[in-house]
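Working notes, beginning with the structure itself.
The values are calculated or read from the model by the stated rules, or taken from the named source; none is laboratory data. These numbers were taken from a predicted model, which means no experiment stands behind them. Cβ placement follows ideal geometry from the backbone for every residue including glycine, while neighbour counts extend to all protein chains displayed. Accessible surface is based on the protein model in full, side chains and every heavy atom, while ligands, DNA and RNA are left aside. Shrake-Rupley method; radii C 1.70, N 1.55, O 1.52, S 1.80 Å.
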Amino acid sequence: YVHVPDGLPNETQMTGFTLEGWIRTFSLEGQQGLITQHDFPERCGIGLVINEGRIAFITGTGKKHDSASLHQTEPGLIRVQTWHHIVASWDGKTKRIYVDGKLVAEYPFAGVVRPGLSALRLGASGSEGIASNFYNGDLAMCAIYDKPLNEEQIQQRFADQGLKTPSDDSVIACWPFTEERGTQVADASSGGRHGQIINRGTWMIGGPSLDASAIDRHDTSYDPTLDPKRGHGLRLASDELY
């Protein structure tokens, strides 16, 4: 997973925010953290997770776990081995979840929301201070905004296919995964929330914009560094060999 030590201010009461990322999961089983600042059971903040095949959106108080802070979609909206664009937004009154540019769930919610005193993690969440609930799959172009994106903005982000970093002033963290090597993951926003890959990840993974079937495996003329539609992904898989 990716450990981001400089998380969101833990005592700040949020008035609205958005979590965004591209995922290509290898499994729908269990709970898998995607973008979280959430440490069960005493420091439960915010999170976007896979929960038994559903997309779940957590908006906690930053303190003890409250089941009323978790809302999720119906199962069947995401498939394994397939890129999906996932967005969770909250405007202070309503929580909304989008999959591939389409609104798939919304719930009234007007509670207190704080990130909580926990590390910010990509591909995991926390349990009693220790990383847990690891994601099994690929990530691309993950971002956090300090405001709710509207439907038009979300549809444009989906159409961008993970090739463009968001330019909105509300971006407080964005990880485009362009490094392609090493253990550091840079934050492309001005927030400085750089991450470190823990226990290895696999680079050189094309993003959601790449049509790998169009490239013959023996095509020696193909240069991925010259392909403007290749994109960038990071694989976080428990059984991956590099």
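Things worth noting here:
- In the stretch 137-177, residue modelled with the lowest pLDDT [restricted to those that are part of a loop (DSSP other than H, G, I, E, B) and of a type in the set (Ser, Thr, Tyr)]: 167
- Looking only at residues in the stretch 1-59 that are without any contact (Cβ under 8 Å) to a residue 60 or more places away in the chain, more than 16 Å from residue 114 (Cβ to Cβ) and not aliphatic (A, V, I, L, M), the one that is most open to solvent (accessible area, probe 1.4 Å) is 29.
- Single residue of the stretch 230-239 satisfying the filter (surrounded by 13 or more Cβ atoms within 10 Å (Cβ to Cβ) and part of a loop (DSSP other than H, G, I, E, B)) that is modelled with the lowest pLDDT: 237
- Answer residue from the stretch 99-130, given it is free of Cβ contacts under 8 Å to residues at least 60 places away in the same chain, under 16 Å from the mean Cα position of the chain (by Cα) and open to solvent by less than 20 Å² (accessible area, probe 1.4 Å) and is nearest to residue 1 (Cα to Cα) among those: 99
Residue-by-condition table, conditions (1) open to solvent by 30 Å² or more (accessible area, probe 1.4 Å); (2) at pLDDT 95 or above:
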position	(1), (2)
184	yes, yes
187	no, yes
198	yes, yes
207	no, yes
217	yes, no
226	yes, no
